[in-house]
Amino acid sequence: MTQRSEQVVLDYLSEVGLALYGRVTPRERTAYLASLRARIDERREAADLDDVDTVRRILRGFGSPEHLVREELTGQAVDLEDDEMIPPKPRHADRPPPPWRGGPNQGFMSLLEGPSQTDLRMDGRVARKPGVTRNGLMMLRHHPPEAVALLMLVLAGVWWDVAFLWVLGAALIVLSQVWNARDKWVGAGLPLLACVVGTALWTGEAKFVDQYIQQALPATGVPALGLTSLACVLYLFPKAARAARVADRSVRS
């Protein structure tokens, strides 16, 4: 292992990390880069030489950082010329990632298409496309607090008599190590805001404030809380499922 060839690998991994920024969470990016480094080292050990040309030839087999990320996130193969494979230098100064950017908003459409549409294939092969059930099982195995939190939100959304379970779900969301700060504000803040707005929009009559709350809360506040909780599940589930898939691959590799 020479210093020049090692620097080529480090520059390549740096480019891949920049290409991943804003598309996956920091934990997923770290796990992916570690897996990619292991795959590169395996090919270097199998090669007869470890000079710069050999390392560049190995990296060309993976593709350019941008297209490698695009292919392994979307599953779409990209046909490139060899001179497009290895960037001449890191583009740190040309493309500084803004610190406020988080993961992509998967939302409702991603849940319908299947979370596996943005799955990271750590071994370079086409992965099975897990559905909602399999993603849920992996989440329960690797991230049980997040799975319980989503379950509490679902119960509060479909069964308004147990809407108090939302409090437990919101607490687990706030304490989560998977969702970022924006996700936590969405999961814990929006249902509460919807409940307050729904209660304020009640059109009934009551002489006293406590009577107003007792009548408006179950009439409009709790339904608003439940429906918004279901919408939050559709927003939070794909991100938690993606983190569970990355953790599952890390365990198996």
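Things worth noting here:
- Residue satisfying all of: in region 165-208; of a type in the set (S, T, N, Q) and out of contact with any helix residue (DSSP H, G or I) (no Cβ under 6 Å at 6 or more places or on another chain); nearest to Ala147 (Cα to Cα) among these: Gln177
- Residues located in region 205-235, provided they are in contact with a Phe, Trp or Tyr (Cβ under 8 Å, 6 or more places away or on another chain) and either open to solvent by 70 Å² or more (accessible area, probe 1.4 Å) or over 20 Å from Leu168 (Cβ atoms) (or both): Ala206, Tyr212, Gln215, Ala216, Pro218, Ala219, Thr220
- Filter result (basic (Lys, Arg) and touching a residue at least 12 places away in the same chain (Cβ under 8 Å)) within region 142-194: Arg182
- Test result for Arg249, open to solvent by 70 Å² or more (accessible area, probe 1.4 Å) and in a helix (DSSP H, G or I): no
- Residue match in region 139-159 (condition: within 20 Å of the chain's Cα centre (by Cα) and outside any helix (DSSP H, G or I)): yes
- Taken together, the residues in region 39-60 that are open to solvent by 50 Å² or more (accessible area, probe 1.4 Å) and either part of a helix (DSSP H, G or I) or closer than 24 Å to Val178 by Cα (or both) amount to 8.
- Residues that are small (Gly, Ala, Ser) and part of a helix (DSSP H, G or I) were ranked within region 160-172; the one that is nearest to Val132 (Cα to Cα) is Gly169.
- For Trp202: the one exception among (1) more than 24 Å from the chain's Cα centre (by Cα); (2) surrounded by 14 or more Cβ atoms within 10 Å (Cβ to Cβ); (3) of a type in the set (A, V, I, L, M, F, W, C); (4) under 19 Å from Val233 (Cα atoms): (4)
- Hits in region 182-233 - residues which are in a helix (DSSP H, G or I), modelled with pLDDT under 90 and of a type in the set (D, E, K, R): Asp210
- Arg27, sole failed condition from (1) under 16 Å from Ala243 (Cβ atoms); (2) in a loop (DSSP other than H, G, I, E, B); (3) charged (D, E, K, R): (2)
- Considering only residues in region 154-190 that are among the charged types (D, E, K, R) and open to solvent by 40 Å² or more (accessible area, probe 1.4 Å), the one that is nearest to Leu140 (Cα to Cα) turns out to be Lys184.
- From the list Arg70, Arg23, the lone residue that is at pLDDT below 85, open to solvent by 40 Å² or more (accessible area, probe 1.4 Å) and touching a Pro at 6+ places or on another chain (Cβ under 7 Å) is Arg23.
The values are calculated or read from the model by the stated rules, or taken from the named source; none is laboratory data. If you're wondering where the values come from, they're calculated on a predicted model, not measured in any experiment. Don't worry about glycine lacking a Cβ; one is built from the backbone with ideal geometry, like all the others, and counts go over all protein chains shown. We work out accessible area using only protein heavy atoms, side chains counted, and drop any ligands, DNA or RNA first. Shrake-Rupley method; radii C 1.70, N 1.55, O 1.52, S 1.80 Å.
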